[in-house]
Each structure stands twice: as structure tokens, then as C-alpha cells.
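Below is one structure; the comments refer to it alone.
The values are calculated or read from the model by the stated rules, or taken from the named source; none is laboratory data. Remember, predicted model here, so these are calculated numbers, not experimental data. Neighbour counts run over all protein chains shown; Cβ positions are idealised from the backbone, glycine included. Note: areas computed on protein heavy atoms with side chains; ligands, DNA, RNA excluded. Shrake-Rupley method; radii C 1.70, N 1.55, O 1.52, S 1.80 Å.
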Amino acid sequence: EGQKLPLVKVPDAFALRLREGRLPAELRAWTREGERIPPVAMERAYGRQRLATYRVRGAAAARDRAMDALRRDERTQYCTHVYRRRRARAPDPLVLTDEIVVQFKPEISGQALRRLCRERGIKLAERIPGLENGYLCRVTARAGENALKVANRLYEEGLAVAAEPNFLRRLARR
């Protein structure tokens, strides 16, 4: 049986992807209909994913205000929490992407699989060679949940043999 990774949200960080354009180094001037967000600075950019992590001055409440404002903005494609392992010795951040790797149950294929994905706001991005009924999927805004919650739900509801989100993680140099 699968196991859940014990994760906690990093209280002053989040990840952002815009629909188009370059990710700004600071979001200080980012406003929507006069709405201001707390001071936010880019911490790290992940080029292939067109995603960046940002740090907010303040605690979780400031992070949540910034994320709420960014999620309502039409320029935002994706905005999510940054996580870390609950009892990790090195608290390296785990940056959640909008991708999940899923091995659907063998009886869920073809039209039924496409319908399931459509109803849940999931796009089948590509088949995974060598993994029966395995796909790299993208979780869209239609899902109404982030990739971690969608992956957990697919597994818990018995629709997948395995399902896990793709995390970005910084590797230590040796």
C-alpha cells in the first residue's frame, strides 16, 4: 500500500508561474484593482518549468494574502505552496509543480480515462514508457485543487495504482 509523505507548508514561501512573460524579481508593485500584496522577493527560478519561488516578509498570513491576490490575477497560471518534509534534517524546500505521475488502474483506459481526466481537471500530457497505464498529467485550474491533493485523491478513491506529484528540489553540490 502507498504511503503519504509527511509534509508541512513553508510559512513564508510560495511558487508562481505566469501565463506569459518573465517572472518579476519582486512583486512589490503587483496590484489588481488597487489590491496590494505584502513585499515579496524571488528566491529561485526554475527555467524548464517557467516557475519561481518567492519569499514573503512576514508569516503564513502574509504569504496567504499574497497567494490569494496572485490567484485572482488573470496573469497568473499557477500559484501554490512550497513544502518541506516534516522531520527532515535538512529542510530543503519541495516545490510543487502542476504535474502528477499516475499509474491508473488497468480497468480505467480509453474513453473512461479521458472522461475521468476531463471531469477532474486533469490533462494527459504523455504516456510513460514501460509503466502500464502510466501517464505524466497536468493538473489544470479546473481541478480546483493543487497537484498534491489531486494525486492523493486519485489514489485514495481507488482510481490509481500509484499517483504522486512532481516536486522540484534543489540538489546539493558535492
request  = Find the residue count for the range 107-124, including only residues that are touching a residue at least 12 places away in the same chain (Cβ under 8 Å) and either within 15 Å of residue 146 (Cα to Cα) or of a type in the set (Lys, Arg) (or both).
outcome  = 5
Test: residue 162 is of a type outside the set (Ser, Thr, Tyr), touching a residue at least 12 places away in the same chain (Cβ under 8 Å) and surrounded by fewer than 18 Cβ atoms within 10 Å (Cβ to Cβ) = yes
message = Condition check: within 22 Å of residue 71 (Cα to Cα), of a type in the set (Phe, Trp, Tyr) and in contact (Cβ under 8 Å) with a residue 24 or more places away in the chain. Does residue 104 satisfy that?
response = no
note = A careful count of residues in the range 126-161 that are farther than 10 Å from residue 100 by Cα, among the hydrophobic types (A, V, I, L, M, F, W, C) and either at pLDDT 95 or above or more than 18 Å from the chain's Cα centre (by Cα) (or both) gives 6
message = I'd like the full set of residues that are among the charged types (D, E, K, R) and assigned to a strand (DSSP E or B), limited to the range 72-94.
response = 84, 85
key: Any pair with Cβ under 7 angstrom, 6 or more apart, that starts in the range 49-63 at a residue that is on the phi < 0 side of the Ramachandran plot and ends at one that is polar (S, T, N, Q) and surrounded by fewer than 23 Cβ atoms within 10 Å (Cβ to Cβ)   = 49/97; 51/97
request  = Please determine, by comparing only the residues of the range 115-125 that are of a type in the set (A, V, I, L, M) and either in a helix (DSSP H, G or I) or open to solvent by 40 Å² or more (accessible area, probe 1.4 Å) (or both), which one is nearest to residue 155 (Cα to Cα).
outcome  = 116
Whichever residue in the range 21-78 is open to solvent by less than 50 Å² (accessible area, probe 1.4 Å) and of a type in the set (S, T, N, Q) and, among such residues, is modelled with the lowest pLDDT = 49
query = Is it the case that some residue within the range 95-114 is of a type outside the set (Gly, Ala, Ser), assigned to a strand (DSSP E or B), out of contact with any helix residue (DSSP H, G or I) (no Cβ under 9 Å at 6 or more places or on another chain) and at pLDDT 95 or above?
reply = yes
